[in-house]
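Have a look at the structure below before the remarks.
The values are calculated or read from the model by the stated rules, or taken from the named source; none is laboratory data. Please read these numbers as outputs of a predicted model, since none were measured by experiment. No Cβ is skipped: glycine too gets one built from the backbone with ideal geometry, and neighbour counts run over all protein chains shown.
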Amino acid sequence: MEGRRGTNLPRVADYNQAVILDAIRHAPEGLSRVELAELTGLSAQSVSNITRRLLDRELITEAGTILPVGRGKPRTLLRLRPTGRFAIGVHIDPTVTTVALLDLVGDVVESVRTLPASATTPDRLVTAITESASGLVASTGVDPGRVLGMGIAAPGPFDPGAGVVLDPPLLPEWSRVGLRELLHEATGYPVVLHKDAASAALAELWRGSAASLADFVFLYLGTGLGAGLVLGGELIGGSTDNAGEIGHLMVDADGPRCRCGQRGCVGPACMPRTLVAEAAAAGLLPRPSSDAGDREIDELFTAMCRLPAARPILERSATRLARGAATIANLLDVRAVVFGGPIWDRISDVFLPILNNTLLTTTEARKVHPVTALGSSLGPDVGAIGAGCLVLEHSFSTRPSTLLLGPRDDQVAAAP
């Protein structure tokens with residue numbers, strides 16, 4: 001990925017610092033000061049001044065030297081210092097809420113699960129998240145002053161300007177919840193809010209299967225279905241950051257009926273509730289009660305995935321999802337579709353071969369480049385990891401816009 005270019009004007013020193021941090025982040029093996037100057041376009045003096053400040057603030061570290069080819073002095077490599085700063089990531093799903101503490105490179109230090117959103121009120125969940133976050137920081141011995149902020153991955157749609165969750169279809173009690181402000185007031189941290197699928201895509205871009213790709217789609221499979229879009233190495237949100245609502249994409253005229261009244265929408269075709277109902281109708285599972293909660297459905301779904309007799313149901317679901325994935329890949333001309341989320345590990349053995357075969361044989365782009373199906377390498381906590389990466393992305397970002405609520409403290413630039 002081509003590095004961002006800096007400027008030598010003193011009044012934009014914070015921007016230049018972000019440029020340097022971003023360049024070092026994208027080079028895990030390390031960069032020398034000479035390489036940083038070449039990559040960013042900054043003068044050697046500017047690079048020297050900025051890296052000295054970053055070393056003093058323990059955001060980067062010197063990690064060995066490299067010998068030049070021919071004459072010249074050995075060059076010291078600079079890398080991010082993982083323990084220099086931390087971020088808290090929170091994934092809110094109807095069946096589980098996960099809170100994770102990430103270090104500066106995006107690795108999970110420790111995580112914990114708390115109340116599922118469908119089984120509690122927003123106020124109670126805010127309290128549970130606050131207690132979980134405080135517990136993680138205390139149990140790991142992390143200095144609270146080194147925590148950059150909290151990221152929230154939640155079901156959409158949402159209002160990014162106000163930080164309000166707007167009537168998520170699978171959380172009927174969550175109508176216009178000002179989640180960002182509630183958590184900022186409860187924790188004191190700057191807070192950033194984004195959709196779960198978009199956050200998961202960012203996690204893959206930072207640390208997952210797609211870290212080496214600039215263009216891909218992440219299909220998030222949990223209680224519902226959503227897409228996170230990455231083009232040119234950037235998370236694409238659309239005009240209101242609500243891009244990726246693909247649940248009503250038509251894939252099978254004979255498919256299960258959707259809440260919108262039509263048949264064939266891809267969303268219900270791979271929802272655990274739909275698949276459990278199909279297995280129960282086939283006599284493979286006990287029929288869930290009419291008011292079965294998401295936790296009960298999730299347990300039945302786990303049991304279903306272990307039944308060899310339920311494999312045809314999963315294969316049919318995978319075929320429908322593959323059609324939707326191919327349509328999205330054709331629309332955006334991406335090189336990969338990454339699949340993950342809370343239910344992925346339970347279905348991947350059945351789904352991945354079908355998804356990969358469909359993408360490799362039916363996408364139009366295959367005539368130019370293969371389109372590959374990849375399974376997430378980050379496990380069921382990909383949403384929480386992505387939420388933490390939202391905070392890190394903001395801290396590294398060279399873009400002037402921000403979704404963080406609360407005192408910025410100039411972010412990384414003025415961190416103690």
Checklist entry - Limited to region 161-175, what total is found for residues that are assigned to a loop (DSSP other than H, G, I, E, B) and within 18 Å of residue 223 (Cβ to Cβ)? => result 10
Item to check | Candidates 144, 82, filtered to the one that is surrounded by fewer than 20 Cβ atoms within 10 Å (Cβ to Cβ), in contact with a Leu (Cβ under 9 Å, 6 or more places away or on another chain) and within 21 Å of residue 391 (Cβ to Cβ) | outcome: 82
Next on the checklist: Can you find a residue that is buried (at least 20 other Cβ atoms within 10 Å of the Cβ), outside any loop (DSSP other than H, G, I, E, B), aliphatic (A, V, I, L, M) and at pLDDT below 95 anywhere in region 97-119?
Outcome noted: yes
Checklist entry - When you go through (1) under 26 Å from residue 117 (Cα atoms); (2) within 19 Å of the chain's Cα centre (by Cα) one by one for residue 258, which number turns out not to apply? => result (2)
Checklist entry - Here is a list of conditions, (1) within 21 Å of residue 330 (Cβ to Cβ); (2) assigned to a strand (DSSP E or B), and residue 213 meets all of them except one; can you say which number that is? => result (2)
Checklist entry - Taking region 24-44 on its own, how many of its residues are closer than 17 Å to residue 14 by Cβ and in a helix (DSSP H, G or I)? => result 4
Next on the checklist: Among the residues in region 65-81, are any modelled with pLDDT of 90 or more, of a type in the set (Ser, Thr, Tyr) and either outside any helix (DSSP H, G or I) or not assigned by TED's automatic domain parsing to the domain that holds residue 294 (or both)?
Outcome noted: yes
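Results for (1) part of a helix (DSSP H, G or I); (2) at pLDDT 95 or above; (3) not aromatic (Phe, Trp, Tyr), shown as yes or no for each residue.
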residue: 254; (1), (2), (3): no, no, yes
residue: 275; (1), (2), (3): yes, yes, yes
residue: 284; (1), (2), (3): no, yes, yes
residue: 288; (1), (2), (3): no, no, yes
residue: 291; (1), (2), (3): no, no, yes
residue: 302; (1), (2), (3): yes, yes, yes
residue: 309; (1), (2), (3): yes, yes, yes
Checklist entry - Among the listed residues 317, 377, which satisfies the condition of being hydroxyl-bearing (Ser, Thr, Tyr), outside any helix (DSSP H, G or I) and surrounded by 14 or more Cβ atoms within 10 Å (Cβ to Cβ)? => result 377
Checklist entry - Taking residue 308 and the conditions (1) out of contact with any Phe, Trp or Tyr (no Cβ under 6 Å at 6 or more places or on another chain); (2) under 21 Å from residue 247 (Cβ atoms); (3) not aliphatic (A, V, I, L, M), which numbered condition does it fall short on, given that it satisfies the others? => result (2)
